[in-house]
Amino acid sequence: MSQIGQTVAPDPAAELRSEVEHLEALPQLVVAHSRDLAPGEAILPHSHTKAQLVYASAGVMTVTTADGAFVVPPQRALWVPAGKVHRIDTRGSLAMRTLYIAEGAAPDLPDEVRVLHVSPLLRELVLAAIAAPQVYAPGGGEERLMQVILDQLRATPTAPLSLPMPADRRLRKVTDGLLDDPADDRGLEDWAREAGASGRTLARLFRAETGMSFRAWRQQLRLMRGLEMLAAGAPVTTVALDLGYDSPSAFIAMFRRALGTTPRRYFAAG
């Protein structure tokens, strides 16, 4: 119990919940909201009654759900359907720009979490929505802006920045070990005794539960961990060696194959 005259410190989590509940209660088609997060800050597992487009105009975030992990660097955004529980972790300072989208406003958008490409046009539209009033009249310019954003989202391709997580306990021994040490270069036959299944069984399970081969899953993990490290300011050489590559050029080649450009150019463009 507080003493008379004593100032009670505000609860940031309670304030955030109240703010989000207010935004989700608004009747507008799309409501935009901005929030800046400090390096290492996290938004604990939560869900929303509306779908979200979560975009970082600066910085990189990692979003985790029961289905897997998603890295969202500049030039990308995350589509989160209504009701999907997710956690957000920052990698460096993060300028998060979120659109809350009313049920039924875009029924043809995905019903699962997706990382999406953000074109220069979509980026400017999102930033314009952030600058617009959160409460606006039907049929006005703001509503037309939101309709254009929804049209753009329907045509936006998915980015390969998700890491599906398996449920099988034997496979989780492998994936948990690699999450702890992405540089671990053992093959599935080497993991077999530790996992309690043959290398052939593990290979079959990887395909069945993640839709990826073991090698592709490990490379995807290294790509996503590399993005996180680069966003936090780590040099390419450090990232490459920490992730098990023999040289920076080998890591850069993998990065270019996956994202179409070098790490330096990728973050410069973002």
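Some observations on this one:
- To the nearest ten degrees, helix 120-131 and the longest principal axis of the Cα atoms of the chain are 40 degrees apart.
- Calculated FRET efficiency for the pair A167/D108, C-beta based, R₀ 30 Å, to 0.05: 0.55
- For the stretch 12-154, size of Cβ-based charge dipole, Lys and Arg +1, Asp and Glu -1, in debye: 320 debye
- C-alpha center-to-center spacing [the stretch 207-267, the stretch 114-151] in angstrom: 32 Å
- Extension gain for the segment S18 to R35, taken as residue separation times 0.36 nm less the Cα-Cα distance, is 4.7 nm to one decimal.
- Helical mean residue ellipticity (222 nm; -39500 (n - 2.57) per DSSP H run of 4+; nearest 500) of the chain: -13000 deg cm²/dmol
- Placing a pseudo-label 7 Å from each Cα along the Cα-to-Cβ vector at D180 and T238 gives an inter-label distance of 2.4 nm.
- In nm, spacing of pseudo-spin labels at D190 and A58 (7 Å Cα→C-beta vector): 4.2 nm
- Paramagnetic reach from R207 in the stretch 161-191 [backbone N under 16 Å; point 7 Å along Cα→Cβ]: 188-189
- Förster radius 45 Å - calculated FRET efficiency between V85 and S249, Cβ distance, rounded to 0.05: 0.65
- A convex hull fitted around the alpha carbon atoms of the stretch 166-269 yields 98 Å³ per residue.
Since every read-out is calculated from the coordinates, none of them should be taken as a lab result. The structure presented is a predicted model; accordingly, all values stated were derived computationally and were not measured. Counting neighbours? That spans all protein chains shown, and the Cβs are built from the backbone with ideal geometry, glycine included.
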